Amino acid sequence: MYSNITVERLQEIEQERNQTMADLAYQRWMKELQVGSRYVDRQLALNAQHAMQEWDSTRLNIDRITINTGCM
């Protein structure tokens, strides 16, 4: 469904969304209708997901980890 949308078009859509949400008339209209907005910028979550995909677990040196049972 979205395979033919370019990155440039997605950026245009995001810019249009930001312009609309910044419009005072739009904000008044939303307040009058008592519409809640749940738009959340997902960039931080996407950055974290990308970092986790690139994480190399072989750097953990799991073979050197010891378990301390706490018994003396």
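Some observations on this one:
- Matching residues in region 1-57 - criterion: being without any contact (Cβ under 8 Å) to a residue 12 or more places away in the chain and hydroxyl-bearing (S, T, Y): Y2, S3, T6, T20, Y26, S57
- Looking across region 2-32 at every residue that is acidic (D, E) and part of a helix (DSSP H, G or I), the one that is nearest to the chain's Cα centre (by Cα) is identified as E14.
- Taken over region 33-50, the criterion of being part of a helix (DSSP H, G or I) and more than 20 Å from the chain's Cα centre (by Cα) is satisfied by L33 alone.
- One residue from L46, L60 being of a type outside the set (D, E), closer than 20 Å to L10 by Cβ and either modelled with pLDDT of 85 or more or surrounded by 10 or more Cβ atoms within 10 Å (Cβ to Cβ) (or both): L46
- Residue count for region 1-43, restricted to those that are among the β-branched types (V, I, T), surrounded by 10 or more Cβ atoms within 10 Å (Cβ to Cβ) and out of contact with any helix residue (DSSP H, G or I) (no Cβ under 6 Å at 6 or more places or on another chain): 2
The values are calculated or read from the model by the stated rules, or taken from the named source; none is laboratory data. Just so it is clear, the structure is predicted and the values come from calculations on it, not from any experiment. Cβ: placed from backbone, ideal geometry, glycine included. Neighbour counts: every protein chain shown.
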